[in-house]
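The values are calculated or read from the model by the stated rules, or taken from the named source; none is laboratory data. As the structure is a prediction and not an experimental result, all values here were calculated from the model. Cβ placement follows ideal geometry from the backbone for every residue including glycine, while neighbour counts extend to all protein chains displayed.
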Amino acid sequence: MQMNVPEPVRQTAALAATAALAAARGASGAQYLTFHVAGASYAMGIGVIKEIIEYGHITTIPLMPASIRGVINLRGSVVPVIDLAARLGFERTQVSRRTCVVIVEIPHEDQVFELGVVVDGVNEVLELGAADLEPAPSFGAKVRADFIQAMARIRGQFVIVMRLEQVLSIEEVSNLARVAQSPAIPA
């Protein structure tokens, strides 16, 4: 069914799309997704993001650490889901209507792993240049220093830019899972 859209509206939409495309092509900085976790704002580069999906049914796996929520079926693929708040050392995410799962692709050795990352909510995609980024602080952050790539100044506030390959280290996450699955040592 074709809708009759007035010509000025069609032209305005086409101009807006063209302007957005031109701006993205001429971008001098990198693009980042901003999101909330445990009451704070964070960002991650969009290069690793495959998609963002609504929080839905996650199959729990017994004996996993709190940071591993379980797995989801994403179009026939089993994708592990990490609770980013718990991974950062905070309480597990309380699921709300804004909670979502960011599907990311993390390279490790000669493979690329898909992981889901639970966040409280996503905000927007922003372009940040070198002038917008400050070095990671060596102290004072509530997050492990090796998880921080930089601090971004966005609208007068600092946002932690995550070093996602470190936060979601395949080796570290699998070691956590192995420790959780190992039998308790008798006292």
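For the structure I just gave you, tell me whether Glu91 is at pLDDT below 95, over 12 Å from Val37 (Cα atoms) and exposed (fewer than 14 other Cβ atoms within 10 Å of the Cβ).
Here the answer is no, as Glu91 does not meet what is asked.
Which of the residues spanning region 53-74 are assigned to a strand (DSSP E or B) and surrounded by 15 or more Cβ atoms within 10 Å (Cβ to Cβ)? Please lay out each step first, then the result.
Of all residues in region 53-74, those assigned to a strand (DSSP E or B) come to 53-54, 59, 68-74.
Once the filter is applied, which keeps residues that are assigned to a strand (DSSP E or B) and surrounded by 15 or more Cβ atoms within 10 Å (Cβ to Cβ), region 53-74 yields Ile68, Arg69, Gly70, Val71, Ile72, Leu74.
So, Ala24, is that one of a type outside the set (Asp, Glu), crowded, with 16+ Cβ neighbours inside 10 Å, modelled with pLDDT under 90 and closer than 27 Å to Arg153 by Cβ or not?
Taking the combined requirement at face value, the residue does not satisfy it.
Please determine, by comparing only the residues of region 58-67 that are of a type outside the set (Ser, Thr, Tyr) and modelled with pLDDT under 90, which one is nearest to Val159 (Cα to Cα).
So in region 58-67, the residues of a type outside the set (Ser, Thr, Tyr) come out as 58, 61-66.
Still in the list and also modelled with pLDDT under 90: 61-66.
Numbers: Ile61: 33, Pro62: 34, Leu63: 33, Met64: 30, Pro65: 27, Ala66: 25 Å.
The extreme case among them is Ala66.
Can you confirm whether region 77-93 contains a residue that is assigned to a loop (DSSP other than H, G, I, E, B), among the small types (Gly, Ala, Ser) and free of Cβ contacts under 8 Å to residues at least 60 places away in the same chain? Talk me through it step by step, then tell me what you get.
Taking region 77-93 and keeping what is assigned to a loop (DSSP other than H, G, I, E, B), we get 88-93.
From what's left, among the small types (Gly, Ala, Ser): 89.
The next check asks that each one be free of Cβ contacts under 8 Å to residues at least 60 places away in the same chain; those that pass are 89.
Yes, some residue in region 77-93 is assigned to a loop (DSSP other than H, G, I, E, B), among the small types (Gly, Ala, Ser) and free of Cβ contacts under 8 Å to residues at least 60 places away in the same chain.
Mind listing just one residue for me: the one in region 154-168 that is surrounded by 14 or more Cβ atoms within 10 Å (Cβ to Cβ) and among the charged types (D, E, K, R) and, of those, modelled with the lowest pLDDT?
Restricting to residues being surrounded by 14 or more Cβ atoms within 10 Å (Cβ to Cβ) and among the charged types (D, E, K, R), the top hit is Glu165.
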